[in-house]
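> Take a look at this one; I'll ask things after.
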Amino acid sequence: MQIGTLTTGAAVKTTIDLTYLPSVIHYDAGTQLSSLKVTVLGDGVVCDLDANGLDIIGKANRVTSDVGQTVIPLADGFVKGKNVTIELTNSAAQTPAVYAYSQKRAASIYMRQLQQKIFQSSQADFNDFMSLYIPDFDAADEMNIEYSDGFVQKMAPEDLRVINSFDAQINDSDDDFYVNNINQRVRNVSVIAAADRQAYMTRYSRIGNQ
C-alpha cells in the first residue's frame, strides 16, 4: 500500500511517521534517492543507506531488473506497536510514491541495512552478516573470505561474479560484488582497500534487540 509521496527537489527531505514497521519499503524513482533512513523507537536504526547503498541492496537477488524500482527489506514480517520514522532524501525534481507491505503477521527478525566505510590501506573485517556488498571492489583491493570450517580463500572481483551467478542474474556491473552469507558458511571477510571504499551489509537481529 502507499504510505507517502516524496516532495520534489534535490536534497529535499520527506519524513513519514508510522506506528508499525512494514516488512518491505519500495519505490520507483527515475533518479535514485540520496538517502533512506528508518529508525524504530527503542530499537534504533534499521536502515541507513546512501544512493549507492540503495542501488545495490535495492536491486540485489532479484530476477528482473526494473531500472527505477528499489526494494528495501526491513524485517521478516509485520512489526506492530512500534513508532517508526522514515526519512527519505530526494535527489531530483521528481515525486515518486513510497509503498510498503508485509506478508507475515508477526515479524521476529529485523533485516538491518547498514553502511560502513573502509579506509585506504586499512584492514576492515566483517562478520555476523547475511549479505556484504562492496560495489567499488576491484583487482587492486585484497579480499580474504574465511569459511566456517576455517578455510581461507583470497577472492578477485571475477570470483564473486562467478559465485553469485549461480543465484542471481549477473550483468558485469558494480552491483555484482557481494558476499551472500544467508547459509552462514562465511565466518569473516577481511578487506584491505587500495582506496577508500564504502561497504553495505544486511544484518539480522531479533526484534527488540540492537
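All of the numbers you see were taken from the coordinates with simple rules; none came from a lab. As the structure is a prediction and not an experimental result, all values here were calculated from the model. With ideal geometry, Cβ positions are generated from the backbone for all residues, glycine too; neighbour counts draw on all protein chains shown.
> Bin width 5 Å, origin at 0, all Cα-Cα pairs of region 2-113: what percent of pairs per bin?
Histogramming region 2-113 at 5 Å steps yields 3, 13, 24, 26, 20, 11, 4, 0 percent.
> Thr31 versus Arg185, label points 7 Å from Cα toward the beta carbon: distance in nm?
A separation of 4.2 nm, rounded to one decimal place.
> Continuing with the same structure: Among Ala199, Asn83, Leu49, whose Cα lies farthest out toward the positive end of the dipole of the chain, if unit charges sit on the beta carbon of Lys, Arg (+1) and Asp, Glu (-1)?
Comparing the listed Cα positions along the dipole, Asn83 ranks first.
> Moving on to the next point. Would you work out which of Leu74, Leu114, Gly58 lies farthest towards the positive end of the dipole of the chain, given +1 charges on the beta-carbon of Lys and Arg and -1 on that of Asp and Glu, about the Cα centre?
Most positive-ward Cα: Leu74.
> Among the aspartates and glutamates, which fall within straight-line cross-link reach of Lys154, defined as a Cα-Cα distance under 12 Å, with same-chain neighbours fewer than 8 residues apart omitted?
Within the straight-line cut-off, Lys154 pairs with Asp141, Glu142, Glu146.
> Also: Any idea which of Ala139, Phe166, Ile182 is furthest toward the positive side of the dipole for region 115-205, if Lys and Arg beta-carbons carry +1 and Asp and Glu beta-carbons -1?
Among Ala139, Phe166, Ile182, the one farthest towards the positive end of the dipole of region 115-205 is Ile182.
> With each label point set 7 Å from Cα along the Cα-Cβ vector, what nm distance links Gln153 and Glu87?
4.0 nm
> With +1 assigned to the C-beta of every Lys and Arg and -1 to the C-beta of every Asp and Glu, and no other charges, what is the dipole magnitude of the chain about the Cα centre in debye, to the nearest 20?
980 debye
> Tell me the mean residue ellipticity at 222 nm calculated for the chain from its helices only (DSSP H runs of n ≥ 4, each -39500 (n - 2.57), averaged over every residue, nearest 500).
Helix-only estimate at 222 nm: -2000 deg cm²/dmol.
> Which value, in debye to the nearest 20, gives the size of the charge dipole of region 115-205 about its Cα centre, when Lys and Arg are +1 and Asp and Glu are -1 at the Cβ?
340 debye
> Still on this structure: Report, ordered by chain and residue number, the aspartates and glutamates lying within cross-link reach of Lys80, taken as a straight Cα distance under 19 Å and ignoring same-chain residues fewer than 8 apart.
Asp17, Asp43
> Run the dipole for region 2-113 about the Cα centre, Lys and Arg Cβ at +1, Asp and Glu Cβ at -1, nothing else charged, and hand back the magnitude in debye, nearest 20.
The calculated dipole for region 2-113 is roughly 300 debye.
> Within the set of other residues whose C-beta is less than 14 Å from the C-beta of Ser34, count the net charge using Lys and Arg as +1 and Asp and Glu as -1.
Details: positive: Lys13, Lys37; negative: Asp48, Asp50, Asp55, Glu87.
Every neighbour counted, the sum reads -2.
> Please state the shape class of region 115-205: rounded when a/c is under 1.5, otherwise prolate if a/b exceeds b/c and oblate if not, all from the C-alpha gyration tensor.
rounded
> What aspartates and glutamates could a cross-link reach from Lys13, if we take a straight Cα to Cα line under 12 Å and drop same-chain neighbours fewer than 8 places away?
Candidates past the 8-residue exclusion: Glu87.
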